[in-house]
Amino acid sequence: MAYRVHPNATVIGSTTAGADGNISRFYLPGRIATLITGIGVYYPDGEETQRVGIVPDVECKPTIQGIREGRDELMEKAVEIIEAN
C-alpha cells in the first residue's frame, strides 16, 4: 500500500483478502476461540481497506500453464509495463 503514495508506481497482482490490521483472539461461550481484526487500515487517501482489500492497478494472476512452464507471469507483466513506458 505504501507504493500508492508514489506518483509513478503501478501495483500489479490480485486483490488482497481485505482482512488487515492486528488480530485479537477472544472466546465465545463453549470455549470456542475466534479472531477479529481490531484496528482500521486505510489507503493514503483515507479510503478503507477492511473488507475491500488492496486493489491492484493491473490485475494479473499466475496461471496453471505458467506454473507448469516455470514462468513468473507477474514479473513478465511488470517488465511489459516498464518497457511500455
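Key figures
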quantity: The lone exception for Thr49 - which of (1) polar (S, T, N, Q); (2) over 18 Å from Ala9 (Cα atoms); (3) free of Cβ contacts under 8 Å to residues at least 40 places away in the same chain it fails; calculated: (3)
quantity: First in region 56-81 and in contact (Cβ under 8 Å) with a residue 24 or more places away in the chain, second anywhere and assigned to a loop (DSSP other than H, G, I, E, B) and surrounded by 12 or more Cβ atoms within 10 Å (Cβ to Cβ), Cβ under 6 Å, 6 or more apart; calculated: Pro56/Val11; Asp57/Thr10; Asp57/Val11; Lys61/Ser14; Leu74/Cys60; Lys77/Cys60; Ile81/Thr10
quantity: Set Thr49, Thr15: member being surrounded by 14 or more Cβ atoms within 10 Å (Cβ to Cβ) and under 20 Å from the mean Cα position of the chain (by Cα); calculated: Thr49
quantity: Where Phe26 falls short, out of the listed (1) modelled with pLDDT under 95; (2) touching a helix residue (DSSP H, G or I) at 6+ places or on another chain (Cβ under 6 Å); (3) of a type outside the set (Val, Ile, Thr); calculated: (2)
quantity: Among the candidates Glu59, Glu69, Glu80, residue that is within 13 Å of the chain's Cα centre (by Cα), at pLDDT 85 or above and among the charged types (D, E, K, R); calculated: Glu59
quantity: Residue count for region 52-85, restricted to those that are of a type in the set (Gly, Ala, Ser), under 26 Å from Asn8 (Cβ atoms) and either loosely packed, with under 10 Cβ neighbours inside 10 Å or in contact with a Pro (Cβ under 8 Å, 6 or more places away or on another chain) (or both); calculated: 1
quantity: Verdict on Arg25 being in a loop (DSSP other than H, G, I, E, B) and of a type in the set (Lys, Arg); calculated: no
quantity: Selected residue (only one of Ala33, Ala19 is over 30 Å from Asn85 (Cα atoms) and in contact with a Lys or Arg (Cβ under 7 Å, 6 or more places away or on another chain)); calculated: Ala33
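Residue-wise test of (1) in a helix (DSSP H, G or I); (2) among the β-branched types (Val, Ile, Thr); (3) out of contact with any Phe, Trp or Tyr (no Cβ under 7 Å at 6 or more places or on another chain).
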| residue | (1), (2), (3) |
| --- | --- |
| Pro7 | no, no, yes |
| Thr15 | no, yes, yes |
| Leu35 | no, no, yes |
| Gly53 | no, no, yes |
| Pro56 | no, no, yes |
| Ile67 | yes, yes, yes |
| Gly70 | no, no, yes |
| Glu76 | yes, no, yes |
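The values are calculated or read from the model by the stated rules, or taken from the named source; none is laboratory data. The structure displayed is predicted, hence computed values, not measured ones. FYI the Cβ positions are ideal-geometry reconstructions off the backbone, even for glycines, and counts take in every protein chain you see.
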